[in-house]
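Input: a single structure, listed below in structure tokens.
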Amino acid sequence: MTQYTPENRLAKTADLLFSLHRSIERLRQEAEQMLERLACDEDEGGSTPRIAKLESLIRDSQKVEKTLVEQSEQHQAAAGLDLDAARDEIEGRLARLRASFDAEDVSGSAQ
């Protein structure tokens, strides 16, 4: 059974975001190519509704790509976190809390 650590989750998320971005990019590129072909056909009496649908698909793909880029940037920022330093800081704070509680027990002021 695979143990999920923060590092594993970050790697899996990065891989998924990259895969999604490639897929959406391919979809947009194919839609743009189809749009070019239809635009040439329109000069010969092609279908305007199809062109409108493809343009809408391209815009939607661009929005998704933009969102994926933003998510990727956020993911990269999260990946830049120093988890070991954060863990050390938390352990240090917990140790100080324990020490303060132990000092209260010794002085007899804790009830």
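Cβ-Cβ distances below 6 Å connect no pair with a first residue in region 9-34 that is free of Cβ contacts under 8 Å to residues at least 12 places away in the same chain and assigned by TED's automatic domain parsing to the domain that holds residue 59, a second residue that is of a type in the set (Asp, Glu) and assigned to a helix (DSSP H, G or I), and a separation of six or more residues or different chains. Screening the candidates 62, 33, 71 for the property of being modelled with pLDDT of 85 or more and in contact with a helix residue (DSSP H, G or I) (Cβ under 8 Å, 6 or more places away or on another chain) yields one hit, 62.
The values are calculated or read from the model by the stated rules, or taken from the named source; none is laboratory data. All values reported here derive from a predicted model rather than from experimental measurement. Ideal geometry is used to build each Cβ from the backbone, glycine not excepted, and the neighbour counts take in all protein chains shown.
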